[in-house]
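One structure below.
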Amino acid sequence: MERTKKVGLNALALAVTLVVNALGAFGFINGTSQSDVSNQYFTLVTPSGMTFSIWSVIYGLLILSLIVMYIKRTDDYYRRAIDKITPLFLISCLLNILWIVLFSFVLVELSTLFIFGYTIVLALICRQLLKMNDGKHSLLPLTFGLYTGWLMIATVVNVAASLVKINWNGFGLADTTWAMIVLVLAALLVLLVSLNTKNAALPLPVAWAYYGIYQNLTNVHPGNLFLLRMLTVAGIVFLIGLAGIQFYRNRYGVLPNSELV
């Protein structure tokens, strides 16, 4: 398939994904929104609603990326990007749609499987971008770094919500203890994926989510959960520091110079 058609197919897939996301957000799928379902199965690691505004940044960057790929489809870097990314991007759009539908129908446990796959596919895109990196292009690494990072924390929250739904007793441990464990494990997972993809943007949306978690803990449980709130602050510092260190190691780029890959 020629590259113009591939970009067009990517654009069509993204357009359908945006429509389904909008329908889900406004409650036109099963009469309930993702926010409604999330609130129904609220957890101590659920970020505040305002943090989900990052989706507008991610989708804006995706639209911009597709426009640039179309305009520069004859450029060597973007030709390779179109060929390498297209199959994975189409799969990510399909998984995104399936996740929205399942979550809207309150099939939270089943939706967890799809968001896991969704996140893995995005991480594979980041890995492909690293392999073809020439140290001169930042738009695609920035876009998919932020996208992947946000989906990683969304997966963690999805898993937590599914456990709440099935009334899991946490092996007798307190909710706050499990929340601390989850936050630490999530930060370590981000560290591992960041080391594998060398993407300096990837930890930033997770830090943003930790800020949203801190907000919820403060607003919903004022005066309580001091240790958990302090752990979210430590997580924010760790994740921003991780992004800064990777940025420095990349010689001030989202991805390293080609000779550092």
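Highest average first, the peptides 99-108, 31-40, 211-220 ordered by how many other beta carbon atoms sit within 10 Å of their residues are 99-108, 211-220, 31-40. Taking one quarter of the surface of the convex hull spanned by the alpha-carbon atoms of region 31-125 gives a direction-averaged projected area of 7.0 nm². For the set Lys6/Lys198; Lys5/Lys198; Lys136/Lys198, the pairs lying more than 20 angstrom apart at their alpha carbons are Lys6/Lys198; Lys5/Lys198.
For region 121-261, taking Cα atoms only, Rg and Dmax work out to 16.6, 52 Å respectively. Remark: relative contact order (the chain) = 24 percent; criterion is Cα-Cα distance under 8 angstrom and separation of 6 or more residues.
When each full DSSP H helix of the chain is screened for a Cα extent of at least 20 Å along its own axis and an average Kyte-Doolittle hydropathy of at least 0.5, the helices passing are 3-25, 54-71, 76-104, 108-131, 139-165, 175-197, 226-249. Packing order of peptides 119-130, 187-198, highest average first: 119-130, 187-198 (average count of other Cβ atoms within 10 Å over each peptide's residues).
Separation of region 186-224 from region 109-180 is 11 Å, based on Cα centroids. Based on DSSP H segments of at least four residues, each scored -39500 (n - 2.57), the chain has a per-residue ellipticity at 222 nm of -25500 deg cm²/dmol.
Between rounded, prolate and oblate, where does region 89-139 land on the alpha carbon gyration tensor, with a ≥ b ≥ c its root eigenvalues, rounded for a/c under 1.5, else prolate if a/b exceeds b/c? Prolate, since a/c reaches 1.5 and a/b exceeds b/c.
Summing charges over neighbours of Leu9, with a neighbour being any other residue whose Cβ is under 12 Å away from its Cβ, gives +2 when K and R count +1 and D and E count -1. Of the accessible area of the chain, with the probe set at 1.4 angstrom, what percent is carbon plus sulfur? Its accessible area is 69 percent carbon and sulfur atoms. Normalised per residue, the accessible area of the chain is 47 Å², obtained with a 1.4 Å probe and no contribution from ligands, DNA or RNA.
The values are calculated or read from the model by the stated rules, or taken from the named source; none is laboratory data. Since this is a predicted model, take the numbers as computed values, not measurements. Backbone-built Cβ (ideal geometry, glycine too); neighbour counts: all protein chains shown. In case anyone asks, the SASA skips ligands and DNA or RNA and just uses the protein heavy atoms, side chains included. Shrake-Rupley method; radii C 1.70, N 1.55, O 1.52, S 1.80 Å.
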